1. Are there any pairs, at least 6 apart or on different chains, whose C-beta atoms fall under 8 Å, with the first in region 128-145 and modelled with pLDDT under 75 and the second part of a loop (DSSP other than H, G, I, E, B), and if so, which?
2. Grab the helices (runs of 4 or more DSSP H) fully contained in region 1-118, keeping just those with 3 or more residues being surrounded by fewer than 24 Cβ atoms within 10 Å (Cβ to Cβ) and modelled with pLDDT of 80 or more.
3. Of all the residues that make up region 312-334, how many are touching a helix residue (DSSP H, G or I) at 6+ places or on another chain (Cβ under 8 Å) and not in a helix (DSSP H, G or I)?
4. So which helices (runs of 4 or more DSSP H) are wholly in region 162-262 and hold at least 3 residues that are under 30 Å from Ser361 (Cβ atoms), at pLDDT 90 or above and hydroxyl-bearing (Ser, Thr, Tyr)?
5. Of these, Gly346, Gly382, Gly362, Gly378, which one is buried (at least 21 other Cβ atoms within 10 Å of the Cβ), over 22 Å from Val294 (Cβ atoms) and small (Gly, Ala, Ser)?
6. Starting from region 285-307, keep only residues that are over 13 Å from Ser400 (Cα atoms) and in a helix (DSSP H, G or I), then list their pairs with residues that are at pLDDT below 85 and among the charged types (D, E, K, R) whose Cβ atoms are within a distance under 7 Å, requiring at least 6 positions of separation or different chains.
Amino acid sequence: MLRAAIIRLFRGRHYWRNVSFDEIAELYASRLITIFAINTVNLFAAIYLYKLGYSFVFIALFYALFFAVRALSAPLAAKYVAYYGPKHGVLISNLLRIPSLIAFAWLPVAGDYSLLSIALFGLFQQLSVGLYDISYLVDFSKVRHVDHSGKEIGVMQQMEKVARILSPLIGGLVASLWSPEATIVIASALFLVAAMPLFKTVEPTQLRGRIKMSGFPWRLAWRSFLSESAVGFDSIVSGMVWTLFIAVTVFATFGNGVYASLGGLASLGTFASIVAVWVFGRIIDRHHGDVLLVLGTVTNTVMHLVRPFTSSVTGVMGVNIANESATSAYAMPFTRVMFDIADSSGFRIAYMMVIEIMVCSGAVLACLLFAACVGLWGMVMGCTVLFFIAAFYEFLILLSARAAR
């Protein structure tokens, strides 16, 4: 039903497509459900661990370790996608999410097995995310229309943002009214459903392929790889670190109500950026993506500098709204660059594999710096130092500005 609604809504605007619109509609529908399921839980995962008594340094090192696992497993994920196809990769990825969530829900009663529970959660989650990211990027890269990539990326971003609006809000309310474990049950059911829309058509790539790096165009791709490491760094600072920071400063007295409060503010920030995404897609297709990328990167840099001085709910709301819009502003043209390089390189899956490794490398670096800063200066001052570091590290994204024209 969701896939049919998407087809009715967008088919008239996508008359220029060479491939069946069913393929892109399936991807839209699957992405919508998957993002909803992911964000129902992910926004609150670090807070959940903190409320169970785990230290900030432990949480940071936990995330660093499992982003490292995700980076190391990327070649295996790429081989699976090359051999069986991206749709099968999405299916296996969603199935891997379920034991991860079960282990996470088991954590409060695990007792002596709590570390095992955390390990299983992190292992299955990172294996799942790595496989899903490569599968999704390869699938979208293959079925998109080159001349209208900005519009298609914009539509996909809008679909994702609809899910990002609803999932933190619903997940936060469920966690606050019942328990965080209840949100995990809902997410598990959604992951079972999310891959189904993709199997209405055949795999978009040639099957039984193999990953080869001989002849890989490193000179073409190296700027995007460094930029991607900054994207991974930013995702940790704007996500986990920012959430923990405001949980212990702005929302310290909210108790379990912190889940609903954070979910509501995250949803509001995402809602405010939806119109911006629609505009950004058209700017990219008119070949002004480089300007958009620069403006988004600079704005996000300023937001990192503002974060340490945010001390009210209104301030958090403003930062979230500005961050969502700025992130979309640099992410959309950069995503267009990534897909263009993947198509022109002749090494689509291998390129996406290295992209995944670089995202995880940036995330690992952010987590390790977070642990070091908090260990040296405490939570509030440690986060302040990390926000300033992120403001400068963000400029690596500008390496891709010329290619975003």
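1. Pairs found: Lys142/Pro204; Lys142/Thr205; Val143/Val19; Val143/Pro204; His145/Trp16; His145/Arg17; His145/Asn18; His145/Val19.
2. Values: elements: 2-10, 21-51, 56-84, 86-106.
Passing ranges, in order: 21-51, 56-84, 86-106.
3. Count: 0.
4. Values: elements: 180-194, 218-236, 242-248.
Result: 218-236.
5. Details: Gly346 fails: buried (at least 21 other Cβ atoms within 10 Å of the Cβ); Gly362 fails: over 22 Å from Val294 (Cβ atoms); Gly378 fails: buried (at least 21 other Cβ atoms within 10 Å of the Cβ).
Checking each option against the conditions leaves just Gly382.
6. Correct list of pairs: Asp285/Lys151.
Residues are listed down the side, and each one gets a yes or a no for (1) in contact (Cβ under 8 Å) with a residue 24 or more places away in the chain; (2) of a type in the set (A, V, I, L, M, F, W, C); (3) touching a Phe, Trp or Tyr at 6+ places or on another chain (Cβ under 6 Å):
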position: Val57; (1), (2), (3): yes, yes, no
position: Leu61; (1), (2), (3): yes, yes, no
position: Ala64; (1), (2), (3): yes, yes, no
position: Arg70; (1), (2), (3): yes, no, no
position: Ala82; (1), (2), (3): yes, yes, no
position: Leu91; (1), (2), (3): yes, yes, no
position: Leu107; (1), (2), (3): yes, yes, no
position: Gly111; (1), (2), (3): no, no, no
position: Leu115; (1), (2), (3): no, yes, no
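Each row is one residue, and each column tells you yes or no for (1) touching a Pro at 6+ places or on another chain (Cβ under 9 Å); (2) outside any helix (DSSP H, G or I); (3) of a type in the set (Gly, Ala, Ser); (4) at pLDDT below 90.
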| residue | (1), (2), (3), (4) |
| --- | --- |
| Arg336 | no, no, no, yes |
| Ala342 | no, no, yes, yes |
| Val359 | no, no, no, no |
| Leu369 | no, no, no, no |
| Gly382 | no, no, yes, no |
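The values are calculated or read from the model by the stated rules, or taken from the named source; none is laboratory data. Quantities reported herein were computed from a predicted structural model and do not represent experimental measurements. Note: ideal-geometry Cβ built from the backbone for every residue, glycine included; neighbour counts use all protein chains shown.
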